[in-house]
Each structure stands twice: as C-alpha cells, then as structure tokens.
1. Give the residue, chosen from Ile161, Ile137, that is assigned to a helix (DSSP H, G or I) and within 17 Å of Leu230 (Cα to Cα).
2. Filter the stretch 178-236 for residues that are outside any loop (DSSP other than H, G, I, E, B), at pLDDT 80 or above and over 17 Å from Ser150 (Cα atoms) and give the result.
3. Among the residues of the stretch 38-75 satisfying the criterion of being in a helix (DSSP H, G or I) and hydroxyl-bearing (Ser, Thr, Tyr), which is most open to solvent (accessible area, probe 1.4 Å)?
4. Considering only residues of the stretch 1-30 that are more than 26 Å from the chain's Cα centre (by Cα) and of a type in the set (Val, Ile, Thr), which is farthest from Val57 (Cα to Cα)?
5. Which members of the stretch 141-151 meet the condition of being exposed (fewer than 15 other Cβ atoms within 10 Å of the Cβ) and in contact with a helix residue (DSSP H, G or I) (Cβ under 9 Å, 6 or more places away or on another chain)?
6. Give the residue that is nearest to Ser62 (Cα to Cα), with candidates limited to residues of the stretch 104-114 that are without any contact (Cβ under 8 Å) to a residue 24 or more places away in the chain and open to solvent by less than 80 Å² (accessible area, probe 1.4 Å).
7. Is at least one residue of the stretch 76-98 over 18 Å from Ser113 (Cα atoms), open to solvent by 80 Å² or more (accessible area, probe 1.4 Å), of a type in the set (Asp, Glu) and at pLDDT below 85?
8. Go through Ser163, Ser122 for me and flag whichever is surrounded by 10 or more Cβ atoms within 10 Å (Cβ to Cβ) and free of Cβ contacts under 8 Å to residues at least 12 places away in the same chain.
Amino acid sequence: ARIQQLHEFALAQVVFDIVLNSAAVLLTGSLLSPMAVWYNLAIMGAAFVLRRHGAYVAAAISSITYGMLMNLVYYHALPAALGIEAPSPEPGLGLVYHIASNIASFFSIAYLSSVLVERVASTQRKLRDSEENFQRIDTLQRVLVQNLESGVLTTDADGVIRSANQAVEGIIGRPANELVGRRISEVLPVLRPSVGAKRLLDFGPIPTEMSHRARPDAEEQTLRCTGAPLTDTYQN
C-alpha cells in the first residue's frame, strides 16, 4: 500500500529477479549451468505484472545479460577474485547451440505467457461484465416481484421458503423476513401434504383455489395458487 508507482516497482522487481538468476547461473556451472531456465520465471512474472511489452522487455534483458555473462566467462574476462573458472567445452558449435537455444526459449516463453495472460485478462473482463449484467437483471427482477400485487413465494426442493415479496405479508399476516427459513406447509397449513405424499404439492398452469385465514380471528380468504419449478442450467 505504500508503493505509489506500481509499474516502475514491477519493472524493478523483474530486473532484480534477472540479476539473481544470473548469479545463480554463475554459481552452478556458468557455461554448462542448467539453471538458465530460471530466466523464464522472471519473464513469466513480467508477463503477469507488465503484460506483453513487459514480457518482451524481460526476455530482451535476460538475453543480453545471459549472453554477456557467457562471453565474459568464456573469455576469462571476469575478475579472478570471483573464483569463477570457465569450463573447457568440447570443440564445435555445441556451446553456441546451447546458448542460442536458451535465448530462443526466453522469447518463446515471453510470447506464450503474454498470450496466456491476455486470455486470462479477457476472460476476467467478460466474467466481470457478466456478473454486472446478472446483478442488474437480479435487481430488476427483485423490484418487479416486490411490486406485484400477487404474493410470490419461492422455496427449495424441501419446501423451505427462500424468499417472499411484500404482497405475501398482507396474505399471511406476517413480515416477509419472518417467513424465510420456514416450511411453506407451516405458513400455509392447507399446503401440508398428506402422510406418505410428496414433500411438495404440484401446481399446474390452472390455479388451485384454497381457503386460508391469516389469524384465527381473521376473515377467511380464498387463495388462487399456481406454481412453477425453478431450474438452473443443469436442470437442478
């Protein structure tokens, strides 16, 4: 939270990682070190924090640093105080191929990791837009349901009430928030199935009429009920 220039800090972090990788390469065999692949970790990190351009910059810095170090080691140009001796490679182009393949891998990893990061970022943007659209639709739906003159109850598969609109309060005679979590058969005893029957009654498209009293001393109401299953995309 104390860092204001995040882009510059990320670039400095990537450069620092490359310096550490270079030190590791020198300490683990220099020309013949297998640790040159560690540069790829810094390049992938750059792709995540600095995107495509950062990945290519990290690959270029890694290539220059690695190439210069290998040349300095090969030609014994490093200070003797470091105690790093160049191994005696076999004659031929094997050493050149080794260095060139490592450098080629830097740019390959930069390309692949940047493509991956851009796809992840694109997916995150689409997901965020989808969530915002869902929230707008959900809010609109709640407003519409709350303003219906008809009472609307939703339950789970066990008949436990999950939501109720304001019109239900006038029908049941209780606040809607007190209904959530209770079984619909407790709120509307007329919906209690007979012994051995299914947990929920099936309502068809034709309304079912039933009598109901909000309180024992209240006037009897005739309710017309219809029901419909609510399923998700997996038909649950």
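The values are calculated or read from the model by the stated rules, or taken from the named source; none is laboratory data. Predicted model, so just to flag it, every value in this text is computed and none were measured. Quick reminder, even Gly has a Cβ in these numbers, built from the backbone with ideal geometry, and neighbours come from all protein chains shown. In case anyone asks, the SASA skips ligands and DNA or RNA and just uses the protein heavy atoms, side chains included. Shrake-Rupley method; radii C 1.70, N 1.55, O 1.52, S 1.80 Å.
1. Of Ile161, Ile137, the one residue that is assigned to a helix (DSSP H, G or I) and within 17 Å of Leu230 (Cα to Cα) is Ile137.
2. Passing the criteria: Glu178, Arg183, Ser185, Glu186.
3. Taking the candidates together, the pick is Tyr74.
4. Thr28
5. Across the stretch 141-151, the qualifying residues are Gln146, Asn147, Leu148, Glu149, Ser150.
6. Among those residues, the one meeting the criterion is Ala104.
7. Yes - at least one qualifying residue is present in the stretch 76-98.
8. Only one candidate passes the filter, namely Ser122.
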